[in-house]
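One structure below.
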Amino acid sequence: MDRTRLLLAGVVGTVLFCMLAAGVALAKLALPFTDSAARHADKLALLASTRSDVDARSKIYSADGRLLAILHGEENREPVSLQRMPMFIRQAVVAIEDKRFYSHDGVDISALGRALIVNAAGGQIEQGGGTITMQLARNVYLHNRSRTIARKWDEIVVARRLEQRMTKDQILADYLNSVYFGRGAYGVQAAAEAFFGVPATKLTLAQSAFLAGLVRAPESLDPDRHRAAALARRMRVLGAMRSQNMIDDGQLANASQEPLRLAKRTTSNGIVMMTDTGAAFVEYVKQQLLSDTRLGKTPAERAAKVFGGGLRVTTTLDLRAQRAAEHSIADVLDLKGDPSGALASVEPGTGAIRAMAGAITAQGFNLAAQGRRQPGSAFKPFTLVAAIEKGISLYRGYSARVPRIIHLSSGEDWVVHNYEGAPGGYLSILQATEFSVNTVYAQIVMDVGADKVVDVAHRMGITSNLDAYPSIALGALTIGVSPLEMSSAYATLANGGTSYRPYAIEKVTDRTGHVLWTGEPDGTRALSLDVANKARAVLQQVIAHGTGKRAQRLGRPEGGKTGTTNDYKDSWFAGFTPQLSTVVWIGYPEALRPLKNIHGLPKVFGGSLPCEIWTRYMIAALAGKPVLDFPAVSLGGGDMGSTFNRFSQNLSPQPVPGTPPPRRCWGNHGHCRH
């Protein structure tokens, strides 16, 4: 039965081959075409010979000029000239796809006949027999993707016209710039980047053979799922190149033994990452571009420019700092089931974003820039600043006893507790800040007014909406804040009171190199120098003697504040040096789950894992940079600089009239004495 079927297939195939050969011969004489078909073919061929290739992709670079990512539209493609493609890739594709490419006139009669015989034997279209020119006609100029004789005829018609209007090199270049290789990459340049992390000019013989082998079946030869099949296909391409004398035996042997080292590249939301770091930052830059009306009045216009306008975007990202950020989070939160972490780091004197790390959802939601969570005690510095601005002494004493019941004007009672181990008795504002004492800060906010705290926070760089409830002093907000805006606000203290808008883009040019705009520091005086320096000096004591002691390992002048919310659902550490202001958040982004029993810790405080991430990051990011100090500042009881000795100062709190004599409390366990 099989033999009979093969004999019949041979007969049918031979008949079809003869018919097709006759048809092609007539086609060459321009007799089988209707006028309409001929005009259509001429129109497509003219388009091929005059088009300026597909839209160029946009590219994003780090501050030092290294390529971070590529932004592309529906297809990831960047055309390059044939001269920029190595000879190996040209030869490999011709060898495996169309070995008579340079001798036929668009249609290879032998290949078509062979395909017809196979298809007749199989009862369906299994081989196309299409030349490179016919594939180009099908992939780029014809919209009918059905596997029919009619479509094959259309390919022949258009291919013949292409051959008449274009040179072989033009056809090959157009084909290599448009064919799909897999991993979302169209064209040799995009494929070289996606699979090997190199430009097309750097492809080796083995890499060229590998890519050429993918053209026939990119999905079934996907090396991530079918590595053995992809390698076998590479070997077949190399064999074809050798049999056609494109390479010698030595080259064949060396290329066959070359290990397949694939680039680890991520592709999502129109982004192809070209480095192993910076995905959160690149997503942030993309969103900034899409919202910038200088690229177009409508979202559609802006998207066309961003994904297909060939923009070249230089950013503020410090790659060393970025890697440090991601490694610090990954090294600390390294167990299955661990919570997520997010980090934002800005330069205090400019607002330039130097690092941004954290999870990104499939929809592009960025935890570091868009995630808004409760900051807890990390928000207390805004109440501190409001108190200093009102002229309240940092040595003024408040009762730290718990619970503290405060009668609000609404008629409600606000019951405030401290965290476990917080000191009691009477504490100065300075001491209450060092040890993050809630009951004291609840009284301070009643003295200064919640509306004043809202005003201070917004002036310093908080952009989220804030409600003027007294609980703002403890970081209990209606909506929450992001790590990025917190790092920006803390930078205001680090630089002496100027609030700089955080920015990520230094320069944008079009495809011709014309500068569209440059990013520049945008600063506004938010606090007086004296107020900013006093608040900064108090936060230095949080690390020197309080809840942020773990950060002392940095070994530089530094200030900061811990933050932990009720039930331990969010944990923060916010801190700064003169060169960097950095905020770390830890939590579960998908739900408000308590941070308990993690890495042997019953409860995660801001001074534990978040502070550890912050310290590791800052050590790495500032390595090799000069150690800068903050200016000394007088706090009324003496001068406080980075070498301030709290025990040498007069820290006796000033009692509130009508209260018992103060007690002095030191240490982490509330041991007090009168």
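The values are calculated or read from the model by the stated rules, or taken from the named source; none is laboratory data. Keep in mind it's a predicted model, so treat the numbers as computed, not measured. Quick reminder, even Gly has a Cβ in these numbers, built from the backbone with ideal geometry, and neighbours come from all protein chains shown.
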**Request:** Please state which one of A355, A342, A359 is assigned by TED's automatic domain parsing to the domain that holds T615, in contact with a Pro (Cβ under 7 Å, 6 or more places away or on another chain) and buried (at least 24 other Cβ atoms within 10 Å of the Cβ).
**Result:** A342
**Prompt:** For G397, which of the numbered conditions (1) more than 23 Å from Y490 (Cα to Cα); (2) part of a helix (DSSP H, G or I) fails to hold?
**Reply:** (2)
**Request:** Give the residue, chosen from L408, L394, L474, L484, that is buried (at least 24 other Cβ atoms within 10 Å of the Cβ) and either among the small types (G, A, S) or farther than 17 Å from G376 by Cα (or both).
**Result:** L394
**Request:** Return the residue satisfying two criteria in turn: it lies in region 384-401 and is among the small types (G, A, S) and in contact with a helix residue (DSSP H, G or I) (Cβ under 8 Å, 6 or more places away or on another chain), and of such residues it is nearest to A422 (Cα to Cα).
**Result:** A400
**Request:** Would you be able to say whether some residue in region 515-522 is within 23 Å of F379 (Cβ to Cβ) and hydrophobic (A, V, I, L, M, F, W, C)?
**Result:** no
**Residue pairs meeting the criteria (Cβ under 9 Å; at least 6 apart or on separate chains; first among the β-branched types (V, I, T) and at pLDDT 85 or above, in region 71-85; second crowded, with 17+ Cβ neighbours inside 10 Å and assigned to a loop (DSSP other than H, G, I, E, B))** = V80/N177; V80/G187
**Request:** Can you give me the number of residues within region 143-189 that are part of a helix (DSSP H, G or I), modelled with pLDDT of 85 or more and of a type in the set (V, I, T)?
**Result:** 2
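Residue-by-condition table, conditions (1) assigned by TED's automatic domain parsing to the domain that holds G391; (2) more than 25 Å from S581 (Cβ to Cβ); (3) not basic (K, R); (4) not in a loop (DSSP other than H, G, I, E, B):
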site	(1), (2), (3), (4)
G411	yes, yes, yes, no
E420	yes, yes, yes, no
I444	yes, no, yes, yes
H458	yes, no, yes, yes
T463	yes, no, yes, no
E485	yes, no, yes, yes
A491	yes, no, yes, yes
